[in-house]
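The structure under discussion appears below in the form of structure tokens.
The values are calculated or read from the model by the stated rules, or taken from the named source; none is laboratory data. Being a predicted model, the structure only gives us computed values, none of them experimental. Please note: Cβ atoms are built from the backbone with ideal geometry, for glycine as well, and neighbour counts cover all protein chains shown. We work out accessible area using only protein heavy atoms, side chains counted, and drop any ligands, DNA or RNA first. Shrake-Rupley method; radii C 1.70, N 1.55, O 1.52, S 1.80 Å.
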Amino acid sequence: NAEYMGLSATNTALNGAPPISYYAAPAAVESFYRSAMNHLINEKVRGVKSLSETNLSPSAMFPKMYLQVPTRVMYITGIKQVRATLDAIDASMTNARSSPAGTLSPHQAAHGIGGIGGASMATAPISLNEAQNVFMTSYLRAGLFAILPGILMCPLSSLLEASNVNPKSNNAPLLTHRWRYGFAPRLAREVLFAIGINQAADRLTGLYAHTAVPGEAGALPAAPTALQSAAGSLTAGLLAGYLSHTPHVLSALRLMNPNATYASLWKSMYSGRMASLAAMVQSASSAPTSAVIGKTPILRSMFSVFVAPALKNDQSLRRAAMILTVLTPVGVVRRSCQIAGTFTIINGLMYFQLRTK
């Protein structure tokens, strides 16, 4: 899949994968950004409605940075290095087969036709079942290798997450107990984060760079530009941030409420959405339509005219609240922007290091 690789193709084109030290500086810079954004997200999840009510002191925005910075460096380095190691293992296993049939579709492999980049590669026919097994094994291995970095780095992420929590909310010892609260949803979040910053960012960068061009077999695709690299990381970050936000909220709430169950935390998320939606419907219903349109922004006007009338009965209101809880949990915009910024900072700084190598 080299034709879709963005940063990975760049790394290879610029004399191989980067050393571990190339990950440290971007991760150190990003750790301050992450700490500040995490504090803002936690405040939003906790129920603080506006930035004016949020504690923006340095001690609140950047707690325990002596612990956060090295841990974040190890975490990001781990995700990148584990991915690089697994890619090398995957390449060696692929090369071990050394059969040209391994590069073809099951139909092509079964009939000994086709090739890479338009080149004809006559091969000894193999059975369709054998070709399908090869492809199935490759896809399963690719899926396993994609999720492993997030799984392996989850304990470090748990330590980082726990260090951001106010001791007044959870005073359990950080290194022995506090980091374990919310581990299950955090594991899902880290898998999505790792896939986003690795495979998704690379593939989207490659697509933006239009690197999937025909050429000789084994030819390296053109390296993406800085703007294409940033666009790939930004898009992957927005997707990963949105998809991983619900696990993140459950993880954060569990850390801040160590005695609560996941069921009660989900119920509180739903109740909050239900209350805010009911208040909006009540507000829209209590004012004349003309006054609503004349005195409120366009989106609220549209809600008042087109949505609120459909939510006047309790059943519709409950369904809408559940849909909003699932699709737009509290803080989703902030966290999607946070992850997009994280991907752009880390991959962008790595890109510039590699380009000036």
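Which value, in Å² rounded to 10, gives the accessible area of residue 262 with a 1.4 Å probe and all protein chains present?
Its accessible surface works out to 80 Å², give or take rounding.
Show me the trypsin sites (Lys or Arg not before Pro) within the range 306-336 that DSSP assigns to loop and that have at most 16 other Cβ atoms within 10 Å of their Cβ.
Passing both the DSSP loop test and the Cβ count: 312.
Is there a pair in 44/64; 80/168; 64/267; 44/168 whose C-alpha atoms are over 24 Å apart, and which pairs would that be?
Listed pairs above 24 Å: 80/168; 64/267.
Residues of the range 161-207: accessible area per residue at 1.4 Å, in Å²?
In whole numbers, the range 161-207 has 41 Å² accessible per residue.
Quick check on the range 232-286: take the gyration tensor over C-alpha atoms, sort the square-rooted eigenvalues as a ≥ b ≥ c, and tell me if it's rounded (a/c under 1.5), prolate or oblate.
Oblate is the answer for the range 232-286, as a/c is 1.5 or above yet b/c matches or exceeds a/b.
Specify the inter-centroid distance of the range 135-205 and the range 311-357, based on alpha-carbon positions, in whole Å.
16 Å
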